[in-house]
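*Asks:* Before we start, here is the structure in question, set down as structure tokens.
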Amino acid sequence: MSSSKPQIFKGLEGVYVSETRLSYIDGLNSRLYYVGYRIEDLVAFSNYEEVAFLLYFYRLPKKEEFELFRALMREAREVPPDVADIVKRMALRNAHPMDILRTCVSYISMYDPELYVGTREANIRKAVRLVSKMPTLVALIYRVSRGLEPIEPRKDLGHAENFLYMLHGKVPSEFEAKVMDTIFILHAEHGMNASSFASLVTASTLADIYSAVVSGISTLKGPLHGGAAEAAYYQFKEIGEPERVEAWVQEALKARRRIMGMGHRVYKSYDPRAKIMKELDGEIASKYGGEPEKLYKIAIKLEEVALKEFEARGRTDIQPNIDYYTPIAYTALKIPPELFTLTFAASRTVGWTAKVIEYVQDNRLIRPLDYYIGELDKKYIPITER
Ligand code: CMC
């Protein structure tokens, strides 16, 4: 054993593990780019299907290419009919919908005729099929868990629009579809985050792309990652009223609780996705009133108070991330908190798969080291003598 201790990068902070052309986060200047395009421009001018094309092919599609790609996605929306039985059985055991989704993705992999074909082309085809089915799975899980009849996808609706239709059985308004599409675009890809890394670790062993996505889903679930939006929602509910924010923050920080939806490993300035959602939430609050407006008022007050407290502790870098402001929009879209992380997963499936496809082109098994600090050459004592 070497006597000099190597430097250990806890949480792999500051470690680069690959090169990418997919996304770039400028964490000091509140910037996020997909394939060089600013996230603000993609939200304003593009849509989720086009963003998916961009992330698989590193360029925006021409009109005919887009129409073909969108048609392929619409054709692939249906899921095998027996998935509903699995969902029903898991729902009876009160499984969290995120656990049901993880199992469903694993299950439907067996229906993919190209499951074990690992070429770039086959991986893109599988990825597109899976991305197209994710909203169907989420809506199915939602409806079956509540004892409601599942709603078949419609081919004449956009990706986000069809998702809301399958959830609620009603074609959403243009505004609602745009809000949903914005949330899908904002979650599509985000550098070497924990769930994308987990997907890459799995894919680097040359396991199939569905297994990589299952790893991604499992990793996204935690409250330090994608699970933060659900936790932020319950945090706002726990606070209850904007007037209670001051006292709540004092108590929370005294108890060393984390403010959910704030802070980030890479952003040391305002998360640009949170900025977009915050603006949209303002519009939603005045349009919808009711619970979205109340949550918005609590969130705004909590941001003001918490940032002041963090600043007083010398931490101007802890600011809202995307998961802080999505719960308000989700509430307006009647998406319940237990579905927040699933919606994130449905969108991020593009990022996970695009990253896997990019990485395995020049694959190297991901196999870091851990530094052993235990004893060596211990004497084995038989069980009767211990
Ligand atoms: N509330 C209170 N204190 C905080 C927070 C927070 N949200 N974030 C960081 N800190 C403090 C805290 O004192 C912590 O020290 P300790 O470990 O002793 O409790 C210290 O800052 C660590 O700061 P850091 O090195 O900047 O944070 P990190 O890189 O270790 O963690 C984080 C980043 C996102 C896990 C953390 O900020 C956090 O737990 N935030 C709340 C959960 C959350 O919103 N997660 C969503 C992340 S963005 C969406 C996504 O990618 O899924």
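*Asks:* Are any residues in segment 1-24 touching a residue at least 40 places away in the same chain (Cβ under 8 Å), surrounded by fewer than 21 Cβ atoms within 10 Å (Cβ to Cβ) and not in a loop (DSSP other than H, G, I, E, B), and if so, which ones?
*Replies:* Within segment 1-24, Gly11, Leu12, Tyr24 qualify.
*Asks:* From the list Ala194, Ala177, Ala139, Ala160, exactly one residue is within 16 Å of the ligand (Cβ to nearest atom) and of a type in the set (Gly, Ala, Ser). Which is it?
*Replies:* Details: Ala177 fails: within 16 Å of the ligand (Cβ to nearest atom); Ala139 fails: within 16 Å of the ligand (Cβ to nearest atom); Ala160 fails: within 16 Å of the ligand (Cβ to nearest atom).
None of the other options fit; the residue is Ala194.
*Asks:* Go through (1) in contact with a Phe, Trp or Tyr (Cβ under 8 Å, 6 or more places away or on another chain); (2) open to solvent by 60 Å² or more (accessible area, probe 1.4 Å); (3) within 12 Å of the ligand (Cβ to nearest atom) for Lys268 and report which single condition fails.
*Replies:* The failed condition is (1).
*Asks:* So in segment 34-51, with the set limited to residues that are in a strand (DSSP E or B) and open to solvent by 10 Å² or more (accessible area, probe 1.4 Å), which one is nearest to Ala354 (Cα to Cα)?
*Replies:* Our first condition is that a residue be in a strand (DSSP E or B); within segment 34-51, this holds for 34, 37-38.
With the extra rule that they be open to solvent by 10 Å² or more (accessible area, probe 1.4 Å), the set shrinks to 37-38.
Numbers: Tyr37: 16, Arg38: 18 Å.
Step by step, filter segment 34-51, then rank; the result is Tyr37.
*Asks:* Provide a single number: the residues in segment 93-123 that are within 14 Å of Ala203 (Cβ to Cβ), in a helix (DSSP H, G or I) and open to solvent by less than 60 Å² (accessible area, probe 1.4 Å).
*Replies:* Counting residues in segment 93-123 that are within 14 Å of Ala203 (Cβ to Cβ), in a helix (DSSP H, G or I) and open to solvent by less than 60 Å² (accessible area, probe 1.4 Å) gives 3.
*Asks:* Given the conditions (1) within 13 Å of the ligand (Cβ to nearest atom); (2) more than 20 Å from the chain's Cα centre (by Cα), report the number of the one that Arg244 does not fulfil.
*Replies:* Just one mismatch for Arg244, condition (1).
*Asks:* On the basis of being farther than 27 Å from Gly222 by Cβ and touching a strand residue (DSSP E or B) at 6+ places or on another chain (Cβ under 7 Å), does Leu32 make the cut? Please lay out each step first, then the result.
*Replies:* Numbers: farther than 27 Å from Gly222 by Cβ: no; touching a strand residue (DSSP E or B) at 6+ places or on another chain (Cβ under 7 Å): yes.
Taking the combined requirement at face value, the residue does not satisfy it.
*Asks:* Is it the case, given these coordinates, that Val201 is more than 10 Å from the ligand (Cβ to nearest atom), touching a residue at least 60 places away in the same chain (Cβ under 8 Å) and open to solvent by less than 40 Å² (accessible area, probe 1.4 Å)?
*Replies:* Working: more than 10 Å from the ligand (Cβ to nearest atom): yes; touching a residue at least 60 places away in the same chain (Cβ under 8 Å): yes; open to solvent by less than 40 Å² (accessible area, probe 1.4 Å): no.
Taking the combined requirement at face value, the residue does not satisfy it.
*Asks:* What are the pairs, 6+ residues apart or on separate chains, where a residue within segment 247-269 that is assigned to a loop (DSSP other than H, G, I, E, B) and β-branched (Val, Ile, Thr) has its Cβ under 6 Å from a residue that is open to solvent by less than 60 Å² (accessible area, probe 1.4 Å) and near the ligand (Cβ under 10 Å from one of its atoms)?
*Replies:* Every condition considered, the pairs that remain are Ile259/Ala306.
*Asks:* To continue, here is another question. Does at least one position in segment 63-78 carry a residue that is exposed (fewer than 14 other Cβ atoms within 10 Å of the Cβ) and within 16 Å of the ligand (Cβ to nearest atom)?
*Replies:* Within segment 63-78 (the criterion being exposed (fewer than 14 other Cβ atoms within 10 Å of the Cβ) and within 16 Å of the ligand (Cβ to nearest atom)), the answer is no, since none of the residues qualifies.
*Asks:* In segment 215-230, which residue that is open to solvent by less than 30 Å² (accessible area, probe 1.4 Å) and of a type in the set (A, V, I, L, M, F, W, C) is farthest from the ligand (Cβ to nearest atom)?
*Replies:* Here the residue is Ile217.
*Asks:* When you scan segment 307-316, do you find a residue that is open to solvent by less than 30 Å² (accessible area, probe 1.4 Å), more than 16 Å from the ligand (Cβ to nearest atom) and either closer than 20 Å to Ile259 by Cβ or assigned by TED's automatic domain parsing to the domain that holds Ser195 (or both), even just one? I'd like the intermediate steps shown before the answer.
*Replies:* Within segment 307-316, the first condition is being open to solvent by less than 30 Å² (accessible area, probe 1.4 Å), and the residues that meet it are 310.
Still in the list and also more than 16 Å from the ligand (Cβ to nearest atom): none.
The answer is no; no qualifying residue exists.
*Asks:* So which residues in segment 338-368 are open to solvent by 20 Å² or more (accessible area, probe 1.4 Å) and in contact with a Ser or Thr (Cβ under 9 Å, 6 or more places away or on another chain), if there are any at all? If you could, list the steps in order and put the result at the bottom.
*Replies:* To start, the set of residues in segment 338-368 that are open to solvent by 20 Å² or more (accessible area, probe 1.4 Å) comprises 338, 358-368.
Glu338, Glu358, Tyr359, Val360, Asp362, Asn363, Arg364, Leu365, Ile366, Arg367, listed by residue number.
The values are calculated or read from the model by the stated rules, or taken from the named source; none is laboratory data. Keep in mind the model is a prediction, meaning the values are calculated, not measured. Every residue, glycine among them, receives a Cβ derived from its backbone with ideal geometry; neighbour counts consider all protein chains shown. For accessibility, only protein heavy atoms count, side chains too; no ligands or nucleic acids. Shrake-Rupley method; radii C 1.70, N 1.55, O 1.52, S 1.80 Å.
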